[in-house]
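Just below is one structure, and these are the notes that go with it.
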Amino acid sequence: MLVLQCLVKGHPRPQVRWTKTAGSASDKFQETSIFNETLRIERIQRLQGGRYYCKAENGVGVPAIKSIRVDVQLCDSGHRTQETGTGDRRGEHRDSIVRFLECVLILNPCLRFSWDSSRKEQEITKTKGHDVVQPLYTQGETKVLKLKNLRPQDFANYTCQVSVRNVCDIPDSEVTFQLTSATSPPSLRLSVNETLVVDPGTDVTMSCDVTGGEPVPTVLWSRFPAPLPPWAQARGSTLSLRRVTPRDAGFYSCTAVNNVGNPAKRTVNLIVRVLRNITFQITPDSNKDSETIQMGRDLKLSCHVDAQPQDKVSYSWYKNSAPVQPSESLILLRSDPDMAPGTSSLEIIDMKFRDQATYSCVARFPGSSVPELRVDVNITQSSVTPPVLTVPPGGSMVTVSEGKGAELVCLVDGKPRPPVLWSRADKDLPMPSGENLVETKEGRLRLDNVTRNMSGSYRCQTAQYNGLNIKRREALVQLNVQFPPIVDPVFQDVRSKLFQRLPLRCSVLKANPARIEQATWLLNGRRLPGGVVLPEASEYVIGTLSTGNNGTYECRISNSAGSTSCVFSVSARAYSPEFYYDTPTPIYTLRTSRNYTYDLQWTQREPNAVDKIIGYWISVTQKRQTVLSKQITVKEPQKGSLLSYKIQDLRIPLSYEVRLTPITTYGLGDSATRNIQYSEAFNYPGPLAERVCGFEDDRMCGFTQDQNDKFDWIRQNNLTQNPKRSANTGPIKDRSNTDEGYYMYIEASSPRVQGDNARLISPIYNIMFREGPQGRPPGEPGCPLSFLKHSACSLLGSLNVMLRGRSFGGTGPPVWSLSGKRLPDGNKPWGTPEESGAFSQVVFEGVRGSGFEGDIAIDDVSVTKGRCKQDNPISNTGGLTEQKEPHELQVWQTLSMSGWPAGLGR
């Protein structure tokens with residue numbers, strides 16, 4: 001999971017937008033105003049790497065922009081190896097036998113890439129005819145092992161090993177390739193023709209026989225452009241389809257892969273026979289530009305059927321049920337060049353009286369079970385007349401209300417009567433169905449649930465098929481969709497000072513019909529007198545705003561199609577405050593009290609919109625229990641000015657809900673609510689100031705786990721403990737005695753064994769000085785360190801405290817240690833720590849003892865700049881103060897150590 005956070009300052013609250021403009025194609029994630037400015041991507045993918053930009057703008061000054069580059073670390077487990085040929089791709093050693101073993105993968109970053117042979121005596125070196133090359137014509141991370149002049153000892157197992165050295169916990173990976181004298185790429189042979197035409201309802205079986213390849217290839221089936229049908233059965237190299245239908249047609253491919261050379265692929269074009277939608281056309285003598293049948297002139301009858309495959313259709317012509325015999329006056333065209341492909345025509349030359357008859361066209365697939373299609377055309381002078389297209393009286397304009405149904409009508413007459421095609425007069429607009437043309441037999445176009453977007457002109461025209469193939473007849477029908485007014489604003493929050501004149505205006509942006517029939521104003525549902533109706537708006541004026549006429553004002557504007565409302569929420573109530581980005585770390589009042597203070601900061605939204613804000617009501621609750629509720633007084637807020645209030649006596653590590661409400665002479669305004677929670681930091685960018693780390697948030701005050709130990713310290717509290725944990729191991733709660741309080745501990749249970757260690761490393765302290773004669777800087781006080789420790793078992797291993805300095809890099813010997821026993825009582829000295837000089841980090845090391853009950857816990861670590869309570873490092877080497885909780889068996893002990901080297905005094 002990727003979490004990016006943009007910390008933004010500014011007033012009014014900035015609008016934040018995240019974009020990604022590098023890496024893969026530009027991808028915009030958010031364009032909404034968010035308060036926490038956080039971009040969160042669950043389960044990030046490799047293509048989501050790149051540069052991310054956070055842009056904040058609030059209309060004041062120029063936008064603020066920050067960017068960050070995100071690298072997605074990955075290492076594919078699906079590596080593959082290939083033997084790609086017997087010739088050198090670079091043009092060398094053409095007379096030699098060369099094998100290329102290719103390891104292809106995608107990873108980021110690539111830190112190590114190597115080949116290894118199973119024959120230990122067979123080293124991969126250039127001198128023995130081996131070479132590792134980067135190919136010229138591949139992309140990504142590809143490494144090739146080139147074996148020249150193959151010898152018997154070169155036939156072995158080769159392993160391609162890759163490592164990113166555990167970046168982001170990505171494990172190392174490898175893949176093995178077996179090279180033998182029989183190694184060869186796959187080859188295939190189809191059991192059917194590459195174009196396979198079948199009848200619907202037929203069972204189809206296709207096989208790709210593997211004719212070569214070592215290792216034995218794996219055969220996979222696929223289909224283009226759609227996936228394989230769910231009912232297809234693929235068994236090895238055989239694919240079976242039962243009772244195929246036209247939707248099963250497509251290109252089926254079998255692919256054989258054995259990671260040697262290129263995959264072998266064969267494709268079958270499966271065509272399922274189908275005949276549908278047979279049509280005819282009657283074309284009078286085109287040379288004479290005629291639209292009627294006349295004796296002594298030519299006439300052509302055409303027949304077309306939508307078929308699959310189109311080129312396998314056979315047409316037969318009949319005259320009065322007898323097959324047409326071609327002659328000088330009757331000419332058959334199997335494929336008419338003047339018509340759409342797959343059209344058959346019968347031409348009648350110099351038409352005579354004997355040529356008046358019923359002609360039939362029959363389309364079929366020879367030898368197929370697909371039923372034939374037939375169309376009959378009666379040709380006489382009286383049976384064929386040109387079409388006439390008309391719009392009924394009053395039908396050229398159809399008016400309907402939005403949401404209702406409409407019928408557009410174009411009447412057509414003629415013999416034979418052709419269908420009517422409907423389209424939009426604007427060619428760029430599709431029909432409501434999404435198609436460009438809609439065919440209707442009776443010339444009636446039915447539209448359901450019409451919308452305002454359907455308004456406009458519709459064209460009706462005669463089709464040139466199933467009738468005379470002559471000039472189209474056309475007409476236009478106008479659809480007028482009426483809809484209620486579109487108003488502005490739909491909703492508006494209006495704030496004002498008391499006793500002010502306040503005009504309200506509801507504007508009409510668009511309406512059909514445009515005339516406003518009525519405008520009604522209401523307050524909280526009660527009709528108001530007055531109100532002005534303008535040609536494109538309605539206005540209402542509140543003469544004097546008071547506490548009695550605050551509320552919801554509604555303006556209902558109506559036309560003959562319906563009504564729409566503008567809603568105004570009118571109030572003298574103050575806007576809500578907007579919380580600012582508070583101090584990230586709470587402020588302690590007393591270290592020993594376990595309490596903290598929170599500096600709450602906010603700005604007031606539009607403070608001048610209403611009467612003067614005289615104070616705020618603050619309410620603080622914890623688990624629905626009120627701990628603070630009172631009015632606070634602050635300076636008069638100005639737009640953009642920062643206000644603050646310290647909330648004191650909050651208990652570590654609890655979180656609280658804070659509700660803040662402005663107060664004016666009108667009364668309480670809008671409230672703002674937020675949760676505050678205890679957080680801590682242990683990084684010291686400057687001189688040390690007393691601060692206690694109780695490990696209450698997941699940042700752990702900057703403490704980190706050592707990567708070179710055996711296991712890790714665990715952060716937990718009472719709520720996250722394992723309910724099945726071993727008895728009498730580890731504390732039940734931290735020193736604050738709350739379920740939410742956290743501490744760090746080591747778990748001694750399996751798989752841990754005696755001697756395993758876990759190290760917790762503090763952040764780097766800014767302690768730079770020269771040492772004095774006794775290991776302490778001259779004139780500088782020491783830096784006492786104290787922490788709480790817990791153990792409850794005699795099988796304890798060891799708890800060691802070590803130092804890490806800038807000068808010596810690693811850790812020195814333990815300056816304090818406790819091993820193999822419970823905590824002692826009282827203030828018994830622990831021994832004298834070694835003088836080690838200045839330090840920059842503290843290391844807590846827990847070592848597993850002889851039993852699983854030897855858990856160790858620490859809490860409340862603090863480093864304080866100042867001298868220890870006593871300056872004698874020998875007589876006062878440490879102290880232990882026991883704090884017993886009456887209802888617990890566990891005992892937390894406070895350990896404070898003095899006499900430590902400069903920078904670590906207690």
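Surface composition of region 384-518: carbon and sulfur make up 48 percent of the accessible area, probe 1.4 Å. On the beta carbon distance between LEU330 and THR195, with R0 = 51 Å, the FRET formula returns roughly 0.90. Note on GLU474 and ASN524: their simple-model spin labels are 6.3 nm apart, each label 7 Å out from Cα toward Cβ.
Separation of region 550-574 from region 356-406 is 55 Å, based on Cα centroids.
Length gain on complete extension for the stretch LYS441 to ASN157, per 0.36 nm per residue less the alpha carbon to alpha carbon distance? Don't skip to the end; give the middle numbers.
Working: separation 284, 0.36 × 284 = 102.24 nm, distance 7.38 nm.
Answer, rounded to one decimal: 94.9 nm.
In this view, the solvent-accessible surface of MET206, computed with a 1.4 Å probe and all protein chains in place, comes to about 0 Å². Computed on protein heavy atoms with a 1.4 Å probe, the accessible areas place ARG473, ARG43 in the order ARG43, ARG473, largest first.
Count charges around SER629 for me, please; just the other residues with Cβ under 15 Å from its Cβ, Lys/Arg as +1, Asp/Glu as -1.
Details: positive: ARG624, LYS630, ARG659; negative: ASP649, GLU657.
Neighbour charge sum, excluding SER629 itself: +1.
Keeping all protein chains in place, calculate the accessible area per residue for region 309-443 (probe 1.4 angstrom), answer in Å². Mind showing how you got there, number by number?
Details: 7360 Å² over 135 residues.
On a per-residue basis, region 309-443 sits at 55 Å².
Each Cα pair under 8 Å and six or more residues apart adds its sequence gap; the mean of these over the residue count of region 486-571 is a relative contact order of 41 percent. Treating r as the C-beta distance of LEU150 and THR267 and R0 as 56 Å, the FRET efficiency rounds to 0.95. Largest first, the residues TYR742, TYR616 sort by 1.4 Å accessible area into TYR742, TYR616.
Across region 212-312, the convex hull enclosing all Cα atoms gives 175 Å³ per residue. Spin-label pair ASP376-PHE499: with each label point 7 Å from Cα along the Cα-Cβ axis, the two points sit 9.7 nm from one another. Here the scattering of region 577-677 is modelled by Debye summation over its C-alpha atoms, one equal scatterer each and no solvent; at q = 0.10, 0.11, 0.12, 0.20 Å⁻¹ the log10 of I(q)/I(0) is -0.28, -0.34, -0.40, -1.01.
Using 0.36 nm per residue, how much length does the chain from ASN708 to ASN549 gain when fully extended, once their Cα-Cα distance is taken away?
Numbers: separation 159, 0.36 × 159 = 57.24 nm, distance 7.26 nm.
Result for the pair: 50.0 nm of gain on full extension.
The calculated FRET efficiency for the pair LYS612 and PHE491, based on their C-beta separation and a Förster distance of 30 Å, comes to about 0.65.
When the pairs LYS427/LYS471; LYS146/LYS265; LYS404/LYS427; LYS20/LYS66 are compared against a 23 Å limit on Cα-Cα distance, LYS146/LYS265; LYS404/LYS427 fall above it.
With a threshold of 20 Å on the Cα-Cα distance, the over-threshold entries among LYS415/LYS441; LYS55/LYS646; LYS288/LYS352; LYS300/LYS352; LYS9/LYS630; LYS497/LYS639 are LYS55/LYS646; LYS9/LYS630.
Between LEU2 and LYS635, the simple spin-label model (points 7 angstrom out along Cα→Cβ) gives 4.4 nm.
Seen from all sides and averaged, what is the projected area of the convex hull of the Cα atoms in region 386-482, in nm²?
Values: hull surface 23.0 nm².
The Cα convex hull of region 386-482, projected and averaged over all directions, gives 5.8 nm².
Counting only the Cα atoms, region 274-377 fills a convex hull of 102 Å³ per residue. When only alpha carbons are used to place a centre, region 229-278 and region 429-480 end up 40 Å from one another.
The listed residues PHE251, PHE155, PHE353 rank as PHE353, PHE251, PHE155 when sorted by accessible area, largest first, using a 1.4 Å probe. Counting every pair of alpha carbons in region 486-571, the share spaced more than 15 Å apart comes to 54 percent.
The values are calculated or read from the model by the stated rules, or taken from the named source; none is laboratory data. Only a predicted model underlies this, so the values are computations on that prediction, with no experimental measurement involved. Quick reminder, even Gly has a Cβ in these numbers, built from the backbone with ideal geometry, and neighbours come from all protein chains shown. Surface accessibility is based on the protein's heavy atoms, side chains included, excluding ligands, DNA and RNA. Shrake-Rupley method; radii C 1.70, N 1.55, O 1.52, S 1.80 Å.
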